[in-house]
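Just below is one structure, and these are the notes that go with it.
The values are calculated or read from the model by the stated rules, or taken from the named source; none is laboratory data. Because the structure is a prediction, the values reported are computed rather than measured. Here Cβ is always computed from backbone atoms with ideal geometry, including for glycine, and neighbour counts include all displayed protein chains. In case anyone asks, the SASA skips ligands and DNA or RNA and just uses the protein heavy atoms, side chains included. Shrake-Rupley method; radii C 1.70, N 1.55, O 1.52, S 1.80 Å.
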Amino acid sequence: AAALAQAFQNYKPRLTLLHVVDLAVLGPRISGEVTPAQIADFLNKQEQEFLEEGRKILRQSGLNGLWEEKLLTGSPPQVIAQEAEDGQYAMIMMGKKGRSALESLLIGSVAHSVLHRVSRPTVALVCR
């Protein structure tokens, strides 16, 4: 990812670090009465964890200030595909959660689903 980012350094790319929180998966983790402020705090902490590695790669590649960050909620494949369509992104890079091959077969792949949902020409890179 760093090499790709550096290749585009002179072109001032528009980069978006996106994290999608699947509330259907998150729901069972939250128990009892929870205030909206507590949910927002939890999501903010989770976003920081997930996006920090992307920030680190971009900073080390000399791309400071060339990205925006977004935290969205919903079904990750649907939200990522919609964001790609709305933002007219030419490339999508996605991280991997490290599921085993069996789990990926049973659960399905977000990257695979996104590629089948996006109608415009897109290159998707799945980074580990």
* Share of alpha-carbon pairs per 10 Å distance bin for the stretch 45-88, given as whole % -> 23, 45, 32, 1
* Solvent-accessible area of ILE57 with every protein chain in place, 1.4 Å probe, in Å² to the nearest 10 -> 50
* Structure fact -> FRET efficiency (GLU53, HIS116; Cβ distance; R0 22 Å; to 0.05) is 0.25
* If you take the charge dipole of the stretch 46-86 about its Cα centre, with +1 on Lys and Arg Cβ and -1 on Asp and Glu Cβ, which of THR73, LEU58, GLN46 is farthest toward its positive end? -> LEU58
* Structure fact -> Rounded to the nearest 0.05, FRET efficiency between SER75 and LYS45 (Cβ-Cβ, R0 22 Å) equals 0.50
* With each label point set 7 Å from Cα along the Cα-Cβ vector, what nm distance links ARG14 and GLN82? -> 1.9
